[in-house]
1. Quick one: count up the residues across the stretch B:343-373 that are under 16 Å from B:Ser299 (Cα atoms) and open to solvent by 10 Å² or more (accessible area, probe 1.4 Å).
2. Just to be sure, is B:Gln194 open to solvent by 20 Å² or more (accessible area, probe 1.4 Å), at pLDDT 95 or above and of a type outside the set (D, E, K, R)?
3. Between a first residue in the stretch B:321-333 that is open to solvent by less than 40 Å² (accessible area, probe 1.4 Å) and a second residue that is among the charged types (D, E, K, R), which pairs have beta carbons less than 8 Å apart while being 6 or more apart in sequence or on different chains?
4. Those residues that are surrounded by 13 or more Cβ atoms within 10 Å (Cβ to Cβ) and assigned to a helix (DSSP H, G or I), I need them from the stretch A:253-268; list them, please.
5. Need pairs with beta-carbon distance below 9 Å; first residue in a helix (DSSP H, G or I) and within the stretch B:271-289, second aromatic (Phe, Trp, Tyr) and open to solvent by less than 10 Å² (accessible area, probe 1.4 Å); sequence gap 6+ or separate chains.
6. Return a yes/no flag: does the stretch B:428-446 have any residue that is open to solvent by less than 30 Å² (accessible area, probe 1.4 Å), within 30 Å of B:Ala26 (Cα to Cα), part of a helix (DSSP H, G or I) and among the charged types (D, E, K, R).
7. Hey, which of the strands (runs of 3 or more DSSP E) in the stretch B:47-135, taking only ones fully inside, have at least 3 residues that are open to solvent by less than 40 Å² (accessible area, probe 1.4 Å) and more than 14 Å from chain A (Cβ to nearest Cβ)?
8. Can you run down the residue pairs with Cβ atoms below 6 Å, 6 or more apart or on separate chains, where the first is in the stretch A:13-30 and farther than 15 Å from A:Ala281 by Cβ and the partner is in a helix (DSSP H, G or I) and open to solvent by 70 Å² or more (accessible area, probe 1.4 Å)?
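The values are calculated or read from the model by the stated rules, or taken from the named source; none is laboratory data. If you're wondering where the values come from, they're calculated on a predicted model, not measured in any experiment. Neighbour counts run over all protein chains shown; Cβ positions are idealised from the backbone, glycine included. Just the protein is used for accessible areas: all its heavy atoms, side chains included, with ligands, DNA and RNA removed. Shrake-Rupley method; radii C 1.70, N 1.55, O 1.52, S 1.80 Å.
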Amino acid sequence: MRVDPQYMTNLVASLDATSSTEETLTEELASGSRVNQLSDDPVAAGENVLLSNQIGADDSFSQTASSTQSMLQVSDSALSTVVSQLTSAISLATEANNGTLDASDVESISNQLAGIRDEVLSMANTTYLGRYVFSGSQGGTEPYTLNTSVSPAVATYQGDSDVEYLETPNGQQIQLNVPGNQIFSAAGTNVLGTLNQLVADYSTGTPSSTAVADTEALSTVLGYVTQQRVLIDNSITRLTAAQNYTQSEQTQLTSVQTNLLQADVGQIATQLSTAETQQTALSQVIATIGKQSLFNDL
Amino acid sequence: MATISTAFDIATGALDADQSALDIVANNTANANTPGYTLEMPAWEQNDSVSLNGVNFGMGVTLTGAESQRSLVLDEAMQQQTQAENASSARLTALNQMQALFSGATSAGTDTSASSGIGSDLTNLFDSLSSLESSPADDALREQVLSAAGTLASDFNGAASQLESQRTSLDEQGQSVVAQANTLLTNIAQLNLQIETTSPNADAGTLEDQREQDLTELSQLIGIRTVTTENNGLTVTTVGGALLVSEGQAFQITDGENDGVTHYYDSLGDDVTSDLTSGGGELGGILTARDQDIPQTESSLDQLAYAVATQLNTQNAAGVDLNGNAGAAIFSLPAGATEADPAGSAAGITVIMTDPSEIAAAGAGQGTSDNTNATAMANIANQAIVNGTTASQDYSDFVTSLGSLVTEVSGENTAQNAALTQLQNQIGSLSGVNLNDEAAQLETLEQSYEAASKLFTSLDEVMTAALNLGVQTTYSS
């Protein structure tokens, strides 16, 4: 059979094809990524969108968790101060109740208790980055105001009972706050109310008849505040765990993504060298064939 | 009885024939690289023999002409394959441009730059909302939500406008292709006329070559079917049967604007756009990309943009903002866009909220540090809001299907290319000029020309001998 005399054109077309292969391989080597266009691996490109989404969510949660941690720490240390203040309030009250102090000492205890009450009040009005942490969802409103014009003084709660939650990327809900009326002015365990009561009890220089009962109430209140503090501590622990989890998930996903997109350098180098060999062979064939013609022998 | 002068005639005829054959070889060699040239072979014919007194004498050879080595079957197969190959090649070029718009989907990591595409824009938007959960009143975090929303909207706008400008440029390319095709139609009609007058019954040689070449070029441009008619004429129609060339008459394709794009009409004024789209050729590929691939991509983006914007707007309206008011719309969509027909959403989506305090992070009736509505908005990321799936999953599906389409068309094109090369080889092996063959033929003809000349010398001696009637010296030649 007669062969196509234009086979030279075909050889050159093959040469073009190997050049284009070399170009693609070089691009993969240069970028280090085997997927540079959607069509290089459509499924990998689609998966990458989802992986990037998940990694982004994890990354952003890690950052959110860090600032949330700080807010919870602030709440926790405020409650820790309250606990220690209440402890000293109990010992002061107990001292006043044992009947060995004179009137001026009792009065001074009343003043000290008023100081403790003010300290507790200021802890209840703690802010983090301008946000009152114990006022429920009313972060812009000071939770407690104190009216000292009456005796006993009255602390009024102005926040609400809203509990906020932070959702982790896996849908887990972590409590962000304990509303002030659940810690400082809950019915039956009213911290500020009890303190105000005690201040009034000793203000005359003689402990009033309710002083002992109020001191006992203060112990109950202390236990209650400690319990509420546990809620915050729990959140800190859960948040740390969630943060660790998302960080390790992020590392995991990043390595999956790298595997998905990364060019296999060894494989590409081999393919490149094969393409080069082929190209050299083709060039030589073209050069050799180009010299042969019967016309040379006529 | 045969005479010596008959032998002279035979030798002369042989010399003439050899000379003509040499012409043909020279012409083949000269046209070895001419596109569309078909190899010509000398057609030798033995002259009728003469019977004298019951004895048959051969009367030499005549060259009846040059025969083009052509196969109409292969030529037609080649035209069809050319149409298919050019269609997928033009479509592939358009698709490659299109997928480049979304190549951000292949970049790794959590690149927050705008170039990494709609996928990461969606991630950033929902992440900014979930960041807002931890401190809903924080202005910086609120600002971030608006800026993420703005980036998403502008990336939607950018992709939509680039798709639209690709569509416009394809439309213009289509027009120029049709203009070229119309010129070729005129050429073919003229060649038809010439062939019908000069060579109604046999292969028309170079004229035929030209017509075949024009048909090949036309096949690169548009999808056609050809029918050979009487007197070696040729009728050209579109694949759907609209007449383009009949005998010596060319029927031009005209164009006109319809629904924002160019439509094409045949000589009867019928719309042949869909006929040309499915027909093949470069125009077929261009029109497929213009009327099918780009609108499909646009509509996927429209759906996604519409769903994200309406869901977030609705959820924002359900909460209260930092000022205690019910949430206003974050995004604005073009008027008339609906869930069933979100056309124009990607091109028209904008962020109309300018004051970050208007983001309704708090649930209805709650204070400024409430985050229930911000959580609800962030959770839209995990809800099936478009095509029965989440926004990210939808974009991921979109990217995969676009990439797969490119791969599919690319594979189709490679296969068609291989088939086309195969056909070119077959046609080349039949109709191509092989210089070695020509060299061999030249050598053969040279020898037979020499032999015929030698015959003269010998006949001359024979004639001298006959004139002298055996006396050696009386007359010499």
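1. Applying the first criterion (under 16 Å from B:Ser299 (Cα atoms)) to the stretch B:343-373 yields B:343-349.
After this cut, where a residue has to be open to solvent by 10 Å² or more (accessible area, probe 1.4 Å) as well, the list is B:343-344, B:347-348.
Total meeting the criteria: 4.
2. Numbers: open to solvent by 20 Å² or more (accessible area, probe 1.4 Å): yes; at pLDDT 95 or above: no; of a type outside the set (D, E, K, R): yes.
For B:Gln194, the condition - open to solvent by 20 Å² or more (accessible area, probe 1.4 Å), at pLDDT 95 or above and of a type outside the set (D, E, K, R) - is not met.
3. From the stretch B:321-333, the pairs are B:Asp321/B:Glu358; B:Gly327/B:Asp321; B:Gly327/B:Glu358.
4. A:Leu253, A:Thr254, A:Val256, A:Gln257, A:Thr258, A:Leu260, A:Leu261, A:Ile268
5. Going by the 9 Å Cβ cut-off, the qualifying pairs are B:Thr273/B:Tyr264; B:Asp275/B:Tyr264; B:Leu276/B:Tyr264; B:Leu283/B:Tyr264; B:Leu287/B:Tyr264.
6. Checked against the condition, which is being open to solvent by less than 30 Å² (accessible area, probe 1.4 Å), within 30 Å of B:Ala26 (Cα to Cα), part of a helix (DSSP H, G or I) and among the charged types (D, E, K, R), the stretch B:428-446 yields at least one hit.
7. Result: B:61-68.
8. A:Leu25/A:Gln271
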